[in-house]
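S.K.: Can you read through this structure? Questions will come right after.
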Amino acid sequence: MCLWASLAMAQSDYTLYQLAFKRGNRIITIQPDLTTAKAVDEVHVATNDLSQYLILRNLGNKDFLIASAAAPNHLLGRLGNSVNFKKIEYNNIADVPNNYKWRLMSTISRSNEVAPNGGLFVMLQHSSTSNLAMFAQNDGSLQFTYINSSGQNDRFRLYVKKKLVPGKF
């Protein structure tokens with residue numbers, strides 16, 4: 001409960017975040033076409049490369065919008081089982097389709113591991129169906145599938161790391 005409260009409070013400042021899968025340390029990245037979401041195992045360190053930075057906007061009902069800092073009007077969304085970014089124009093939150101809303105569910109490791117640099121372990125789940133979550137396939141593509149809600153499967157668990165780079169939504 002405390003983890004969820006601290007994550008929710010942190011979202012109000014529009015700080016940038018990185019999300020990396022625990023299994024393989026693969027970082028969620030928007031590709032140059034600004035639509036493809038991929039998990040890659042290399043950290044992008046080029047000056048002004050925001051492709052691995054995400055903006056998390058708390059919608060206030062446990063749901064979040066996830067935008068790329070490289071293209072802030074491109075939201076991470078689900079279409080069937082695939083996960084990608086899409087440019088979304090909206091005037092208010094009620095206009096955003098449900099397949100762009102996410103839940104960041106805190107998880108606890110069997111071995112009581114701590115995410116590096118004080119990050120949190122979470123799973124990105126469907127906003128209304130807690131047994132659906134995102135994972136990275138071997139080719140780095142992001143997929144959405146049914147999970148065991150115990151949170152023990154590392155292929156679904158993500159590190160959430162706050163980055164000290166100013167951003168806007």
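S.K.: Please list the non-local residues whose amide H lies under 5 Å from the amide H of residue 26, H modeled 1.01 Å from N, same-chain partners needing a gap of 5 or more.
M.R.: 21
S.K.: Follow-up question, since we're still on this one. Just the Cα atoms of segment 51-107: what Rg and Dmax do they give in Å?
M.R.: 11.0, 33
S.K.: Can you tell me how much longer the chain between residue 163 and residue 138 gets when fully stretched, taken as 0.36 nm per residue apart minus their C-alpha distance, in nm with one decimal? Let's see the in-between values first.
M.R.: Numbers: separation 25, 0.36 × 25 = 9.00 nm, distance 2.65 nm.
In short, 6.3 nm is gained.
Each reported figure results from applying straightforward, stated rules to the coordinates on display, with no laboratory input. The structure presented is a predicted model; accordingly, all values stated were derived computationally and were not measured.
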